[in-house]
Amino acid sequence: MKVSAFTFIRNAIQYDYPIVESIKSILPLCDEYIVVVGNSTDDTLGLIERINSQKIKIIHSIWDDSLREGGRVLAIETDKALTEIAKDSDWAFYLQGDEVVHEKDLENIKNAMLKWKDTPKVEGLLFDYIHFYGSYKYVGDTRRWYRHEIRVVRPNIGVFSYKDAQGFRIKPNKKLRVKKANAHIYHYGWVKSPQNQLAKIRSFHRLWYQNDIPSDAKFSYEGIDSLALFEGTHPNIMEERVKNEDWIFEHPLHVKNFKDFKEKFLDWFERNIGYRIGEYKNYRLI
């Protein structure tokens, strides 16, 4: 079985992405790792080069900063990486720069890849998500956080990055048929100092909207609708970052900040009935 991995990254140091941890977390599963490095104002290229793995293939890219609608440029950069994957790869593993895989899940992922490798109707593998927020000790526990997404795809069947690169489809616009990987993606995109988070938000805002965030804007982790304590363990490769958390964020778990009755009801319904009404599913679970 041949496994490729792919990702894209730009200004990883400036916006404090755990891209090195992300890449290293699945490197043991991969035969090659395609990293599309965008034109950065920091030493992102050197950061990737210093991983010093023969599996890593770096592709240089210039982002089209004129694309300021719907995060489309993120999908374009993802597709640049996807097209560089070896033609004889059985699977392609995608991680974004703030996503990490726990070492305890590597065996399950490998087994799922092996199990479905020769079953063409299985076009991808679906992962469960853990979304950290504000601190490494809190996770989002409401419907604002997506619960599942495709992170392993069968390459060379017309797969492309969909919309803002959260998921994938098959040309011309078909949802992938997937099986569960029985593994998690640890998403750290909302865990960094408030200053770095604001800088990242400013950058990402430009990928969706024509206007910029005002220069005097502030950012606070307060006001989140609901959080829960994280009761598991972080991937070993994230230990240094967890230990070096240098900002303070405390959230009373009993506090719920739903904006209206509808949000409050939908949250109550999911917690008590166990079903998420209107859940976004960009895949077909088979």
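The values are calculated or read from the model by the stated rules, or taken from the named source; none is laboratory data. Values in this document were obtained by computation on a predicted structure and should not be read as measured data. Note: ideal-geometry Cβ built from the backbone for every residue, glycine included; neighbour counts use all protein chains shown.
Remarks
- Pair list, Cβ < 7 Å and 6+ apart or interchain, from region 229-256 residues that are within 14 Å of Lys192 (Cβ to Cβ) to residues that are modelled with pLDDT under 95 and surrounded by 12 or more Cβ atoms within 10 Å (Cβ to Cβ): Asp246/Ser193; Trp247/Ser193; Trp247/Pro194; Phe249/Tyr221
- Among residues of region 140-158, those that are surrounded by fewer than 22 Cβ atoms within 10 Å (Cβ to Cβ) and of a type in the set (A, V, I, L, M, F, W, C), counted: 2
- Taking region 267-286 as the range and being of a type outside the set (Gly, Ala, Ser) and assigned to a loop (DSSP other than H, G, I, E, B) as the test, the residues that pass are Tyr275, Arg276, Ile277, Glu279, Tyr280, Lys281, Asn282, Tyr283, Ile286.
- Residues of region 29-44 that are under 24 Å from Asp90 (Cα atoms) and not hydrophobic (A, V, I, L, M, F, W, C): Asp31, Glu32, Tyr33.
- Members of region 166-191 that are closer than 18 Å to Asn11 by Cα, of a type in the set (A, V, I, L, M, F, W, C) and either in contact with a Cys (Cβ under 7 Å, 6 or more places away or on another chain) or in a strand (DSSP E or B) (or both): Trp190
- In region 233-266, the residues that are outside any loop (DSSP other than H, G, I, E, B), surrounded by 10 or more Cβ atoms within 10 Å (Cβ to Cβ), more than 24 Å from the chain's Cα centre (by Cα) and of a type in the set (A, V, I, L, M, F, W, C): Phe265, Leu266
- Tally of residues being small (Gly, Ala, Ser), over 14 Å from Asn11 (Cβ atoms) and part of a helix (DSSP H, G or I) across region 192-211: 0
- The one condition from (1) more than 20 Å from the chain's Cα centre (by Cα); (2) among the hydroxyl-bearing types (Ser, Thr, Tyr); (3) more than 30 Å from Lys174 (Cα to Cα) that Tyr275 does not meet is (3).
- Residues (surrounded by fewer than 20 Cβ atoms within 10 Å (Cβ to Cβ) and within 22 Å of Tyr17 (Cα to Cα)) located in region 75-94: Ile76, Asp79, Lys80
- Among residues of region 189-216 being small (Gly, Ala, Ser) and modelled with pLDDT of 80 or more, the one that is nearest to Arg271 (Cα to Cα) is Gly189.
- Gly97 vs. criteria out of contact with any strand residue (DSSP E or B) (no Cβ under 8 Å at 6 or more places or on another chain) and farther than 25 Å from Trp116 by Cα: no
- Residue list for region 4-35, restricted to those being surrounded by fewer than 23 Cβ atoms within 10 Å (Cβ to Cβ) and in a strand (DSSP E or B): Glu32
- When region 152-197 is filtered for residues that are of a type in the set (Ser, Thr, Tyr) and more than 30 Å from Lys243 (Cα to Cα), the ones remaining, listed by number, are Ser161, Tyr162.
- Count of region 62-103 residues which are within 25 Å of Met238 (Cα to Cα) and more than 16 Å from the chain's Cα centre (by Cα): 1
- Of the residues making up region 170-191, those that are over 15 Å from the mean Cα position of the chain (by Cα) and surrounded by 20 or more Cβ atoms within 10 Å (Cβ to Cβ) are Leu176, Val178, Ala181.
- Region 81-101 - residue that is part of a loop (DSSP other than H, G, I, E, B) and in contact with a helix residue (DSSP H, G or I) (Cβ under 6 Å, 6 or more places away or on another chain) and, of those, nearest to Ile130 (Cα to Cα): Val101
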